[in-house]
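Data block below; observations after.
The values are calculated or read from the model by the stated rules, or taken from the named source; none is laboratory data. Predicted model only: the values in this text are computed from it and were never measured. Cβ placement follows ideal geometry from the backbone for every residue including glycine, while neighbour counts extend to all protein chains displayed.
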Amino acid sequence: MSEPILNELPKSAIADKTSAIAVGVQVSDLVFSYPHQGIILQNISFTLNLGERVALLGRTGSGKSTLMENLVGLKRPNSGEIQILGTTLGPETLFQVRQQIGFAFQDPNNQLFMPTILEDVIFGPCNYGVPEALAREQADQLLAGFSLSEVAHRSVHELSGGQKRLAALATVLALNPDILILDEPTNGLDPWWRRHLAEILIQLPVQILLIASHDLHWVSRVTQRALVLKQGQIQVDQPTIALLQDRPTLESCGLPPDY
Ligand SMILES: Nc1ncnc2c1ncn2[C@@H]1O[C@H](COP(=O)(O)OP(=O)(O)OP(=O)(O)O)[C@@H](O)[C@H]1O
Ligand SMILES: [Mg+2]
């Protein structure tokens, strides 16, 4: 496998615009339920500051994906407010906010829908007005960085599980987001790619990184702060390293660190 080079990732186009704002994401009293079901998220309030890399942890079914999908406007809360870089999330601001947030779904099949992977990677930038030639150039670079050049003209169904994960990440990075939200990004990746992805994420010129993961050791290398969801609420908010060493708290959240 050739050594991927991703240190040439494009700089955030609007980083300067946001540099005056210290708070990147503010969630206030968010409540969410699916139709005909009990409350999944209740009275969630937290702030993500610019420059933070944050883990979102919690047992299977604790609501991590649901919370992330609320943050990117794919789901609407029953009540409460979400502010992204100073803008309140709502139907009228969704288009603007979506240009600032990149979101990688837990299931990469939800991200990849074009006939080929290359078309998937250029789809977003072209949609936001980037000339196709430039979008293609950037896509070629990203796909090469993820060792996907040889499969660029294949459909998602012709990729391995790990390749799908990396291709989905490439589509998100192609949008050059200020805030990057990744839902279980190491699923399906081998140890070499997990290490390399950690290196990539730490170097990315994004303002905020939020990562849902069950991979406690990996996530403690990438993030500085951890939020833990339990019973629909954020029960823990502390430095990731400290949490990883705090076995009683991890066990009380249903997260035994050795498994
Ligand atoms: N589309 C849906 N309709 C109804 N209920 C849903 C839907 N999606 C998720 N749920 C329920 O909401 C709860 C939270 O699910 P969610 O996917 O957010 O959990 P999670 O923390 O991401 O879990 P995992 O670690 O398995 O990815 C679960 O009880 C789940 O069954
Ligand atoms: Mg999930």
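Evaluated against (1) modelled with pLDDT under 95; (2) in a helix (DSSP H, G or I), Val121 falls short on exactly one condition, (1).
Given the criteria assigned to a loop (DSSP other than H, G, I, E, B) and either within 16 Å of ligand 1 (Cβ to nearest atom) or over 16 Å from Ile181 (Cα atoms) (or both), does Gln96 qualify? In short, no. Checking each residue in the stretch 47-92 for being charged (D, E, K, R), more than 13 Å from ligand 1 (Cβ to nearest atom) and in contact with an Asp or Glu (Cβ under 9 Å, 6 or more places away or on another chain) picks out only Glu81. Among residues of the stretch 149-163 that are in contact (Cβ under 8 Å) with a residue 24 or more places away in the chain and crowded, with 16+ Cβ neighbours inside 10 Å, those with a Cβ under 9 angstrom from a residue that is aromatic (Phe, Trp, Tyr) and in a loop (DSSP other than H, G, I, E, B), sequence gap 6+ or separate chain, pair up as Val156/Phe113. For the stretch 168-186, the tally of residues that are part of a loop (DSSP other than H, G, I, E, B) and away from ligand 1 (no atom under 16 Å from the Cβ) stands at 5.
Here's a check for you: in the stretch 108-128, which residue that is closer than 15 Å to Gly161 by Cα and surrounded by 14 or more Cβ atoms within 10 Å (Cβ to Cβ) is farthest from ligand 2 (Cβ to nearest atom)? Show your work before the answer.
As a first pass, look at the stretch 108-128 and keep what is closer than 15 Å to Gly161 by Cα: 108-112, 117.
Filter once more, keeping what is surrounded by 14 or more Cβ atoms within 10 Å (Cβ to Cβ): 108, 111-112, 117.
Details: Pro108: 13, Gln111: 14, Leu112: 18, Ile117: 23 Å.
That would be Ile117.
Taken over the stretch 215-235, the criterion of being without any contact (Cβ under 8 Å) to a residue 40 or more places away in the chain and closer than 13 Å to Leu56 by Cβ is satisfied by Asp215, Gln235. Annotation for the stretch 90-99: no member residue is surrounded by 15 or more Cβ atoms within 10 Å (Cβ to Cβ) and within 16 Å of ligand 2 (Cβ to nearest atom). Within the stretch 158-178, is even one residue at pLDDT 95 or above, of a type outside the set (Lys, Arg) and under 15 Å from Glu52 (Cα atoms)? Within the stretch 158-178, one or more residues are at pLDDT 95 or above, of a type outside the set (Lys, Arg) and under 15 Å from Glu52 (Cα atoms).
Residues in the stretch 34-48 that are under 17 Å from Glu81 (Cβ atoms) and either free of Cβ contacts under 8 Å to residues at least 12 places away in the same chain or small (Gly, Ala, Ser) (or both): Ser45 only.
To keep it simple, each residue is scored yes or no on (1) aliphatic (A, V, I, L, M); (2) surrounded by 16 or more Cβ atoms within 10 Å (Cβ to Cβ); (3) more than 16 Å from ligand 2 (Cβ to nearest atom).
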{"residue": "Ala168", "(1), (2), (3)": "yes, yes, no"}
{"residue": "Asn176", "(1), (2), (3)": "no, yes, yes"}
{"residue": "Leu201", "(1), (2), (3)": "yes, yes, yes"}
{"residue": "Pro205", "(1), (2), (3)": "no, no, yes"}
{"residue": "Ala212", "(1), (2), (3)": "yes, yes, no"}
{"residue": "Leu243", "(1), (2), (3)": "yes, yes, yes"}
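Inside the stretch 212-239, residues that are within 14 Å of ligand 1 (Cβ to nearest atom), closer than 26 Å to Pro191 by Cβ and of a type in the set (S, T, N, Q) make up a count of 1.
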